[in-house]
Amino acid sequence: MIPAAFDYKRASSAAEAISLITQHGSDAKFLAGGHSLLPLMKLRLAQPSMLIDIGRIKDLSYIKDAGNHIVIGALTRHMDVETSKVLREHVPLLADAAGHVGDAQVRHRGTIGGSIAHADPASDLPATTLALGATYVVQGPRGQREIAATDFYKGFLESALAEDEMLIEIRVPKMQGAGWSFQKFNRRAQDWAIVGVAAWRRKDEAGVALVNMGSTPILATSVASAIANGASISDAAAMASNEADPQTDLNASTDYRKHLASVLVRRALEAASK
Amino acid sequence: MHWLPQHRQVDTRSRERDIKGRIMTITENMPTKIIGTRLLRREDPPLLTGEAKFTNDLNIPGALHLAVLRSPYAHARIVSINTAAALAIPGVVAVYAGKDLQSTWAGPMPCAWPVTPEMKNPPHFPLAIDKVCYVGDGVAAVLATNETASRDALDAIDVEYEPLKAVVDLEEALSDKTIIHEGLGTNKSYIWNLKVEATEGCVDAAFAAAKYKVKERYVQQRLLPMAMETRAVAAVPQPFGGDITLYSSTQVPHILKVMTALTLGIPEHQMRVVAPSVGGGFGSKLNVYAEELLCTALARKHNTPVRWVEERSENSQATIHGRGQIQTIELAADDSGKITAVRVRIIADMGAYLQLVTPGVPILGAFLYAGVYDIPQAYDFSCTGVFTTLTPTDAYRGAGRPEATYAIERAIEALAHSMKIDSFELRKRNFIKKEQFPYTAFSGLTYDSGDHLLAAEKAAKIADYAGIRAQQEKQNVPGATKRLGIGMTSYFEMCGLAPSRVLASLNYSAGGWEAATVRILPTNKVQVVTGTSPHGQGHETSWAMIAAEKLGISPDDIDVLHSDTAIAPLGLDTYGSRSLPVGGVAVALACDKVIDKAKRIAAHQLECAAEDLEFANGTFSVKGSPDRALPLAAIAFAAFTAHNLPDGVEPNLEAQVSYDPPNFSWPFGTHMCVVEVDTETGAVKVLKYVAVDDCGVQINPLIVEGQVHGGVIQGLAQALFEEAVYDSDGNLKTTTLAEYLVPAASDVPPITTDFTVTPSPTNQLGVKGIGEAGTIGAAPTVINAIVDALAGLGVTNMAMPASPQTVWNTINNATRGGKK
């Protein structure tokens, strides 16, 4: 449980963080809540030579109503997302999903930006923001740019973020009263999902994304199309894995995961349709 | 003599309701009532505030840090070890390979339980010498001035291995295709038989004549004990004279002292072993480990303290595992369902080496495959111990007895299924009846006391067995996706290890006695010295309660000393639910002995015969003349000043007892569990869990309930969550708590605990052990409930752990008409 030696710098602003990472290059890593990176370092599976601590950048923790969408600072803790009145009112699916992340200790330390930037397909918030059609704002030496969630996830723990870029904000459209459901299937409450489903529905319009059903969070576009074309919920749910490519691991085989995805998508759409 | 159970109405529940919380004072002229109260544990404030000192909390200036390089291969020859780069790291003091330390060991690591004279036991040293036999086997040891350097050095040691074939599967191991210890010529360690027949051939005859027969195969998956505190060791040599103190997170400081002295050739009187606060063991710290020997040997070699703390993923591989058996059980029954014979075949996974009691664990269960049932002398048990290239197994909470109980309590369900009758009814037809106790079992062992029907009916009432059965009729209709099930287990546990003569007959190398000293200080404060070594059980509270009841003083005036061989030199430590029925009884006996001595002094001072005195509420008084009395406090001071003692009575009030129990203790009970199974996902939800246990007289019901809660959760964890998963190359895939699924509070159901009280007639306190009972009851109860829920779908068995995927696959196989 003792990581390999590393240097440590604390950034007080996003600009400073980017300048530090530009300076130190690919051996440097951003440290936010530390709940993904530090366990890997303790097992010596990750050995960055430099940690740039962005955890104390004060102006990146916020949840604000910006008209058609809600903007969330990347360093906002899961617990703040879970309990935000603004999100409970306008994006209840995201607030609910944040309440399913890890356990209470994790939710007090972990951040929404850290979770998304880590791009773990088994994490709850990447898939949830994907289902909601979120946009991520990133900042780099060349300034800010926006990346749609649909363009962000490139592979297992790989995102569209350049090495010298930092995720600073998540923009989520308001749900406008859509029905919704977050289904997380796991063996222990604190675990990553074996399969998870984030879904919303407004009449014939639906958004469904899957947790841990491939190397990235998966947008289940076939399901949404089927709903748009008037399919029944169970017929649509049968297509849950069309875009997915789940792995076999200790908890679930590929086939079992696909089966679970169809059951959970059906349940999520039923709940979202009430 | 009001405190003796035979003179006291045994009804702990009414006292529970009367007195809650801490008893601070004992009102004079009132009978003392400490035993049976819910005194808060005195251990808790330091534990809950972080003040308790565990081995790794000890501040030992100048200590070198040990780190152990472990084999990444399950089976390989060590070709070469290059330590140059590691030695060059600043702070690294020394690096040793197994060969470098070979001459340090006076003998191999100890196995104290050669279950048969022919048992094969490969030499096992703290560091492997020529080959490694499991992932985690020690290969090299680093000493460094700081922990970080010691870990960095591990990465810098270059070992060349010649990989050999891993042996993971038990049945394949038995084939001897790949022999792990070439010198033994086989992977079989032993075959141990227990065949008891009233007349020769009666087992076969019973099966031939049986109206009903079942033959079932169960797998007891390997489990990781996962104590909250990983192991930690510190060896501190004295600068002169050769004395050495070994601090270890151990359950067994006394056994460890003897074994370390023998293995390292240290004169025993120069060894002191201390177990500071110990954060759980569950049997995994009932051992003598490589790191304890390495720290002690290297501390002597370098004449400087050496310390080591285990990492969590290291704990998963270098600390013993539990369970690991394939069981085949056959029952024969007559037309009424009465069991007429039991046949059992076990393959037990020893792992790569025999640790302290590895081979004996399945043997501890050998006597319990008839469970709580009245069977004739027609019992045929055989266990084959086999080596694999996996972490050694050893005692884990229940040790052999949960496995046995699981097999009989699952098999009786199968028997009921074949007879198409309710399994509760079948159990009733076979229970040993209350009036049959003390009951001489087929094995010749005597079950001290019991009332299985009472416990079972109480559990059925609390769980609403009849109501659940009625609800099932409505709910488990064809096509239902949420199916209800109820399962039960009635168990008998052989614990309170153990009568020394019985241990001798099992070839165990030590006795089963326990020692206690009671010392009344001049000011009437008391020291109780015990040979038990608590690591979560609350002995300080319970032993003080026993002595308080006996001596008529407040528990607050009693200190309990333990777990340091310099303070408590005699003892056999804590395991096998032995502490109370052996160690606690020893405390009571030592109190009796000290009271006897005090009585002689009191008689002298009151000028009467000792026989004319009675002792109650801490006061000696002349029978019939209560005015002529002396409090124990006065006698304590008189014994200290020694001014006026009767002839032949030595100064001071102190008595020591070594107590060898005449019998095991036999707690029993019935557990019931209600589950709902989601057949679409395979998820199992435990709706209700009821445990009705009987451990005889309860010293402290609060502690008893805590033991049952923890035990039930551990058994439930085996049923639903936990498994040490290996791949075919012998790599453990569940080394961290992300993969090894220890349930958290949010994952376990509410547990209703209740009790019946059937005092043990074999000890004066009437007590039986309760440390392992919950674990024994829970796993078969949960699995029985799941199988019951799915019975309508054709499911007849369920592998452990019943993960959602396993449940879903089992349902699919059953509904497709596949094999069970």
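The values are calculated or read from the model by the stated rules, or taken from the named source; none is laboratory data. It should be emphasised that the depicted structure is a prediction, and the values quoted were computed from it without experimental measurement. Cβ: placed from backbone, ideal geometry, glycine included. Neighbour counts: every protein chain shown. Ligands, DNA and RNA are excluded from the accessible area calculation, which covers all protein heavy atoms including side chains. Shrake-Rupley method; radii C 1.70, N 1.55, O 1.52, S 1.80 Å.
Details
- The set of residues from the range B:687-721 being more than 17 Å from the chain's Cα centre (by Cα), within 13 Å of another protein chain (Cβ to nearest Cβ) and surrounded by fewer than 24 Cβ atoms within 10 Å (Cβ to Cβ) comprises just one member, B:F721.
- All positions within the range B:736-750 that are within 9 Å of chain A (Cβ to nearest Cβ), among the β-branched types (V, I, T) and either within 22 Å of the chain's Cα centre (by Cα) or surrounded by 16 or more Cβ atoms within 10 Å (Cβ to Cβ) (or both): B:V742
- Within the range B:380-387, none of the residues are under 19 Å from the mean Cα position of the chain (by Cα), outside the structural domain of B:P114 (by TED's automatic domain parsing) and either closer than 25 Å to B:A112 by Cβ or in a loop (DSSP other than H, G, I, E, B) (or both).
- Which listed residue is open to solvent by less than 30 Å² (accessible area, probe 1.4 Å) and within 30 Å of the chain's Cα centre (by Cα), from B:A210, B:A206, B:A235: B:A235
- The requirement of being closer than 30 Å to A:E270 by Cα, under 14 Å from the mean Cα position of the chain (by Cα) and away from chain B (no Cβ under 14 Å) is satisfied by A:D151.
- Where a residue in the range B:795-809 is more than 8 Å from chain A (Cβ to nearest Cβ) and over 18 Å from B:E216 (Cβ atoms) and its partner, wherever it lies, is polar (S, T, N, Q) and open to solvent by 20 Å² or more (accessible area, probe 1.4 Å), with Cβ under 9 Å and at least six apart: B:V807/B:T679
- Here A:F185 fulfils each of the conditions (1) touching a residue at least 60 places away in the same chain (Cβ under 8 Å); (2) more than 14 Å from chain B (Cβ to nearest Cβ); (3) open to solvent by 10 Å² or more (accessible area, probe 1.4 Å) apart from (2).
- Being open to solvent by less than 10 Å² (accessible area, probe 1.4 Å) and within 30 Å of B:P522 (Cα to Cα) is a property that holds for B:A636.
- Taken over the range B:509-547, the residue count meeting the criterion of being of a type in the set (F, W, Y) and over 18 Å from the mean Cα position of the chain (by Cα) is 1.
- Within the range A:1-22, the set of residues being open to solvent by less than 40 Å² (accessible area, probe 1.4 Å) and either touching a strand residue (DSSP E or B) at 6+ places or on another chain (Cβ under 9 Å) or at pLDDT 95 or above (or both) comprises A:A11, A:A14, A:A17, A:I18, A:L20, A:I21.
- Residue within the range A:100-116 that is polar (S, T, N, Q) and free of Cβ contacts under 8 Å to residues at least 40 places away in the same chain present: yes
- Every listed requirement among (1) open to solvent by 10 Å² or more (accessible area, probe 1.4 Å); (2) not in a strand (DSSP E or B) is met by B:G682 save one, (1).
- Which listed residue, of B:G322, B:G280, is at positive phi and in contact (Cβ under 8 Å) with a residue 40 or more places away in the chain: B:G280
- Within the range B:538-591, restricting attention to residues that are assigned to a strand (DSSP E or B) and under 17 Å from B:I520 (Cα atoms), the residue that is most open to solvent (accessible area, probe 1.4 Å) is B:D559.
- The lone criterion from (1) among the β-branched types (V, I, T); (2) open to solvent by less than 30 Å² (accessible area, probe 1.4 Å); (3) closer than 30 Å to B:Y659 by Cα left unmet by B:V795 is number (3).
Matching residues to (1) over 30 Å from B:P534 (Cα atoms); (2) part of a strand (DSSP E or B):
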position	(1), (2)
B:R217	yes, yes
B:A235	no, yes
B:I255	no, no
B:V258	no, no
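- Where strands (runs of 3 or more DSSP E) sit wholly within the range B:475-535, those with at least 1 residues that are within 18 Å of B:D573 (Cα to Cα) and among the hydroxyl-bearing types (S, T, Y) occupy B:514-520, B:526-530.
- Within the range A:219-254, the set of residues being part of a helix (DSSP H, G or I), small (G, A, S) and open to solvent by less than 20 Å² (accessible area, probe 1.4 Å) comprises A:A226, A:A236, A:A237.
- Scan of the range B:142-166 for residues that are within 18 Å of B:Y73 (Cβ to Cβ), touching a helix residue (DSSP H, G or I) at 6+ places or on another chain (Cβ under 9 Å) and assigned to a strand (DSSP E or B), ordered by number: B:D158
- The range B:442-461 - residue that is touching a residue at least 60 places away in the same chain (Cβ under 8 Å) and part of a helix (DSSP H, G or I) and, of those, most open to solvent (accessible area, probe 1.4 Å): B:L454
- Test result for B:A603, assigned to a helix (DSSP H, G or I) and either touching a strand residue (DSSP E or B) at 6+ places or on another chain (Cβ under 6 Å) or within 30 Å of A:V195 (Cα to Cα) (or both): yes
- Among the residues of the range B:245-264, those that are over 16 Å from B:S509 (Cα atoms) and surrounded by 24 or more Cβ atoms within 10 Å (Cβ to Cβ) comprise B:L246, B:Y247, B:S248, B:S249, B:T250, B:Q251, B:P253.
- Evaluating B:P117 against the criteria (1) touching a Cys at 6+ places or on another chain (Cβ under 8 Å); (2) surrounded by fewer than 22 Cβ atoms within 10 Å (Cβ to Cβ) leaves one unmet condition, (1).
- Taking every residue in the range B:467-490 that is within 26 Å of B:G777 (Cα to Cα) and pairing it with any residue that is of a type in the set (S, T, N, Q) and assigned to a strand (DSSP E or B), at least 6 positions away or on another chain, the pairs with Cβ-Cβ distances below 9 Å are B:M488/B:T670; B:T489/B:T670; B:S490/B:T670.
- Candidate set from the range B:167-185 (those that are within 30 Å of the chain's Cα centre (by Cα) and in a loop (DSSP other than H, G, I, E, B)); member that is surrounded by the most Cβ atoms within 10 Å (Cβ to Cβ): B:V167
- Flag for B:Y726 being more than 7 Å from every other protein chain (Cβ to nearest Cβ), open to solvent by 30 Å² or more (accessible area, probe 1.4 Å) and among the aromatic types (F, W, Y): yes
- Residue check for A:R44: charged (D, E, K, R), assigned to a loop (DSSP other than H, G, I, E, B), more than 26 Å from A:A178 (Cβ to Cβ) and more than 14 Å from chain B (Cβ to nearest Cβ): no
- Residue in the range B:772-792 that is crowded, with 24+ Cβ neighbours inside 10 Å, among the β-branched types (V, I, T) and part of a loop (DSSP other than H, G, I, E, B) present: no
- Within the range A:237-274, the only residue that satisfies the criterion of being more than 13 Å from every other protein chain (Cβ to nearest Cβ) and closer than 18 Å to B:E739 by Cα is A:Q247.
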